[in-house]
1. Provide a single number: the residues in the range 318-357 that are part of a loop (DSSP other than H, G, I, E, B) and more than 22 Å from residue 431 (Cβ to Cβ).
2. Any residue in the range 297-317 that is hydroxyl-bearing (Ser, Thr, Tyr) sitting within a Cβ distance under 7 Å of a residue that is open to solvent by less than 40 Å² (accessible area, probe 1.4 Å)? List the pairs, counting only those 6 or more apart or interchain.
3. Report, by residue number, each residue of the range 141-167 that is open to solvent by 30 Å² or more (accessible area, probe 1.4 Å), within 15 Å of residue 386 (Cβ to Cβ) and not in a helix (DSSP H, G or I).
4. Name the residues in the range 204-228 that are within 22 Å of residue 265 (Cβ to Cβ), in contact with a Phe, Trp or Tyr (Cβ under 9 Å, 6 or more places away or on another chain) and either at pLDDT below 95 or open to solvent by less than 20 Å² (accessible area, probe 1.4 Å) (or both), would you?
5. Are any of the residues in the range 393-400 open to solvent by 40 Å² or more (accessible area, probe 1.4 Å), part of a helix (DSSP H, G or I) and either basic (Lys, Arg) or free of Cβ contacts under 8 Å to residues at least 24 places away in the same chain (or both)?
6. Please count how many residues of the range 401-433 are assigned to a loop (DSSP other than H, G, I, E, B) and either among the basic types (Lys, Arg) or touching a residue at least 12 places away in the same chain (Cβ under 8 Å) (or both).
7. Determine if the range 190-205 includes at least one residue that is over 23 Å from residue 324 (Cα atoms), touching a residue at least 24 places away in the same chain (Cβ under 8 Å) and β-branched (Val, Ile, Thr).
Amino acid sequence: MKARVLIAGTAAVLTAAVLALGGAFRSGGAAAAPDRLPAGVAEELQRGFAAGDTEAEIAGIQGELRLRPRDVKALETLGLAYLQRVRETGDASYYPKADGVLHEALAVQPRDLIATAGLGQLALARHQFRRALTLGLRARAISPTTAGVYGVIGDAELELGRYPQAFAAFDRMNALKPSVASYARVSYARELIGDTVGAARAMELASSAAVGEREAYAWTRVQLGLLDLSSGHAAPAAHNMRVALASFDGYPLALDGLAQAEAALGHLRRARALEARAVARVPLPQYVAFLGDVDGALGLRAAAAKQYALIGVIERLLAANGVRNDLDIALFDADHGRNPAQTVELARRGYAERPSIVGDDVLGWALARAGRCNEALPYSNRALRLGTKDALKIFHRGYVAACLGRTAEARTSYRRALAINPHFSILWAPVARKGLSS
């Protein structure tokens, strides 16, 4: 639907990661290499987090730690609970708390698998991908047969643009233990190379593996809906989002996804109401940005401006808690024509941290929006090097061509983007259609 590549992508990675460590710490039946996990961790998480009462779980563990401050199992569990709490609330102040207690666990037991991999997950959430890779490799050295460590490694390699290494890590993860987390990563890998049918099949396997686990199942249905949306199939996407909401009432990710689907179907006021509910539950920047874009499409300029102003506040809070969001901010600012020169510098900094096709796309887009289209062209080309069928990236390539006066080339890209997904962006799909009609 819109330019939600970065933050949304990262949210998906984080959700998969925290559901994971081999399928993981959220269900007793999914634990990889159970002999390597401290006794009771999976069961403890199942009783607390899966029941949706993370706050009470956190309070209970904190009470245990007051009595036994060097209890590694309790420290690990508390660190993972804090990561879960970020997903539930969007409150990034839990990141430093998770960092602190997981490091405390390592101070007691330096080769602790869960604390090491948990810190890797935390680094992914903060967009610290090189650190995440280091921690993932360290976790692999501790336990090379634990599937989930390959998820941390592969996620980091992916964001660093090391695609063969990332795909190899995901294959190893899946070979060790097929699970929600491993199937989801296979799905994303297939999507990246343009195999949308294969991506959907892998995500269906993830969904089947998640039956009986409320959040995991809802998450997989949302991902299936997003795959539908990216292929221009808004009605099936809406169905998947509703299935997710039936499984997990009020699930913000599904509310956001359904809002996108309703907007694609032309129901902007329904989309606005749904996105407002998502923002009220978890005020993530991508939710707020989409709400602002819908307000703009409805002609509610003051409301849109209010949402866009809120994004700046949220981003500052994220930065204060260790989240590196340069690419995210650059993407939003480029979309909305804010300070082009500064946006390019933000994109360059973000690209240095995340030299992936996402980084290529955002830097190319920032340069194009600043009128520096000769510089933008190689980045925009590289963003498509895997064969990804991403309508927004293809549109960006067309925009660069139009800026360079290559009208026929621009029209080809616009036509292809709209054929893949006629509603790929509230902001930019109309520009593509206008480019074809002019």
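1. Count: 8.
2. Between residues of the range 297-317 that are hydroxyl-bearing (Ser, Thr, Tyr) and residues that are open to solvent by less than 40 Å² (accessible area, probe 1.4 Å), the close pairs are 308/292.
3. Within the range 141-167, 162 is the sole residue that qualifies.
4. Passing the criteria: 218, 222.
5. For the range 393-400, residues open to solvent by 40 Å² or more (accessible area, probe 1.4 Å), part of a helix (DSSP H, G or I) and either basic (Lys, Arg) or free of Cβ contacts under 8 Å to residues at least 24 places away in the same chain (or both): absent.
6. Quick first cut of the range 401-433, residues assigned to a loop (DSSP other than H, G, I, E, B) only: 404-406, 421-428.
From what is left, the residues that are either among the basic types (Lys, Arg) or touching a residue at least 12 places away in the same chain (Cβ under 8 Å) (or both) are 404, 406, 421-428.
Residues that pass the stated criteria total 10.
7. Checked against the condition, which is being over 23 Å from residue 324 (Cα atoms), touching a residue at least 24 places away in the same chain (Cβ under 8 Å) and β-branched (Val, Ile, Thr), the range 190-205 yields at least one hit.
One line per residue, one yes/no per condition, for (1) surrounded by 24 or more Cβ atoms within 10 Å (Cβ to Cβ); (2) in contact with a Lys or Arg (Cβ under 6 Å, 6 or more places away or on another chain); (3) closer than 25 Å to residue 392 by Cβ:
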{"position": "171", "(1), (2), (3)": "no, no, no"}
{"position": "174", "(1), (2), (3)": "no, no, no"}
{"position": "233", "(1), (2), (3)": "no, no, yes"}
{"position": "243", "(1), (2), (3)": "no, yes, no"}
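The values are calculated or read from the model by the stated rules, or taken from the named source; none is laboratory data. Source: prediction; values computed, not measured. Because the Cβ atoms are built from the backbone with ideal geometry, glycine has one as well, and the counts that use them run over all protein chains shown. Accessible surface is based on the protein model in full, side chains and every heavy atom, while ligands, DNA and RNA are left aside. Shrake-Rupley method; radii C 1.70, N 1.55, O 1.52, S 1.80 Å.
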